[in-house]
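Take a look at the structure set out below.
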Amino acid sequence: MITDYLLELIEELRVPPRQRRRIVAEVEDHLLSAAADLHADGLDVASAQSEAIRRFGPAAALAASFTEEEAARAGRRVARATGVLTGGLVLLTAGPLARMAPFGGLPVAALAFVLGQVGVVAGALTVLRGWRLRETGPERLVRLTLLVRGADVVLACLGGIMLCELPGVVASISHWTVPVLIPRLLAAGALVPVALAVLRGRRRAQLAGLPAPQAGDSASDPVAELAGATRLALERATRRLPALRGPAAELRRLLEVIPAYARRRAPRLTRWLDLRRHPWRFALTSALGAGLLLAGGHAFAEGPPTAHVALRALVASVLIAGFEGGALLLGFATLGRFLGLRPPPRALPPG
Amino acid sequence: MQRGEAIKGHLDGLLLAVVADGPVHGYAVLERLRERSDGRFDLPEGTVYPALHRLEADGLLSSRWAVVAGRRRRQYELTDRGRRELGERARDWRRFAAAVERFLGAAPAAVGAPAHTGSPA
């Protein structure tokens, strides 16, 4: 009877072989000990084994629990590695490496820049969700699904940027100097094993059978995710450094007070920017805001505001704001639901 | 709330407290839980193992194979981090329990139905 239970457990477990052996050995020891104690209390052997198994719980539920733990661990590894890749994306598109070797024409550079931004958003969401995977609960696997999707998007963006840069790199390779070559080679050399780690962890996380997000999941609510991650981070920080308990409590209070104050003082603006209720309005406003910020930065970098410079900066700013806003909206339209930024559609009522 | 559900929220802390008594294997963890709770903590025994593995992965427990009573068993032990975590959880729990006690401790053990004062609508 115990052997049958163990065979069912082995069949259901989706964990690496070494861990499977350990789990089966521990469960076998537990069931044999429990059955021996029950037998000593007066039950016959078959009844004692049956009772030990009943108290232990169904093999399928136990296997699902272990598989979920393993998948969550893999998910956290994926999130950490994706965080490193996201840092690489920033370096490649907006950091010192990008400035050292601006290859390719404007369209290619613009595409690489957009891919970099999409990757950074997806990477930030992935790291956030990895952090929240420490929490157990019914939505943990949905969070894992969204995390794996985010990692996929980061990998795709990184690959896209590499492809964008490849023709320029090939064309200009003869002009490369050592200071340009070495950081690029080091960056590529460091990112490849990290990308492989993401792929490995991703495969392991998928063994849990990842469910698709459903309407009403808090895991696909980025506002709730951010609030949950902040609470968790504060809890952990105060556990490690008790001296932070006072400032952390103050910060928690501010995080509750500021949105309430904004809702009271600017109800129309806060309703307009409510990501949960009006995702498209939120995206449009963010897109315009991001575009204007970039344009402002560009105008500032142009130098002292002479008439000629001001005109040139104005034209460039309008172009940049339009491009940035358009790109952000396009990214939201194509990937918003996939990455859990837009809630999934509500299921239609039956009949 | 079902008792099993209520325990689940505190399972990690309870396990750390049980393991703090000294190295222990999974079956003995359940026995200690049952003994120290006078049989009140009666949850499906299998649920303890994923929790033990999770605590180990988080660095709060360590484990190794050992021969106990002639049988090869996985024994769990508290790490330094686990000891600190247990201390924090115990402090949090004492604060929480003291706050609840101020309300429920003063309430009568059995409260009857409120007296009917109004006329039916």
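The values are calculated or read from the model by the stated rules, or taken from the named source; none is laboratory data. Not measured: the values here are computed from a predicted model. All Cβ positions, even for glycine, are placed from backbone atoms using ideal geometry, and neighbour counts span all protein chains on display.
Quick look at the numbers
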item: Helices (runs of 4 or more DSSP H) (entirely within segment A:1-56) containing at least 3 residues that are within 10 Å of chain B (Cβ to nearest Cβ); result: A:17-40, A:45-56
item: Residue count for segment B:25-59, restricted to those that are in contact with a Leu (Cβ under 7 Å, 6 or more places away or on another chain), farther than 20 Å from A:Ile2 by Cα and either within 12 Å of another protein chain (Cβ to nearest Cβ) or of a type outside the set (A, V, I, L, M) (or both); result: 5
item: Residue match in segment A:229-247 (condition: modelled with pLDDT under 75, touching an Asp or Glu at 6+ places or on another chain (Cβ under 6 Å) and farther than 27 Å from A:Val114 by Cα); result: yes
item: Single unsatisfied condition, A:Ala25 versus (1) closer than 21 Å to B:Ala57 by Cα; (2) outside the structural domain of A:Ala187 (by TED's automatic domain parsing); (3) crowded, with 20+ Cβ neighbours inside 10 Å; result: (3)
item: Test result for B:Arg71, within 9 Å of another protein chain (Cβ to nearest Cβ) and over 21 Å from the mean Cα position of the chain (by Cα); result: yes
item: All helices (runs of 4 or more DSSP H) inside segment B:1-91 with 1 or more residues being at pLDDT 90 or above and either over 26 Å from A:Leu133 (Cβ atoms) or among the aromatic types (Phe, Trp, Tyr) (or both); result: B:26-36, B:48-57
item: Any hit, segment A:116-128, residues being outside the structural domain of A:Leu13 (by TED's automatic domain parsing), in contact (Cβ under 8 Å) with a residue 60 or more places away in the chain, over 12 Å from the mean Cα position of the chain (by Cα) and surrounded by 16 or more Cβ atoms within 10 Å (Cβ to Cβ); result: yes
item: Hey, A:Arg265 among the basic types (Lys, Arg) and surrounded by 12 or more Cβ atoms within 10 Å (Cβ to Cβ) or not; result: no
item: Leading residue by the ranking (farthest from A:Leu91 (Cα to Cα)) among those in segment A:145-166 that are touching a Lys or Arg at 6+ places or on another chain (Cβ under 8 Å) and of a type in the set (A, V, I, L, M); result: A:Leu146
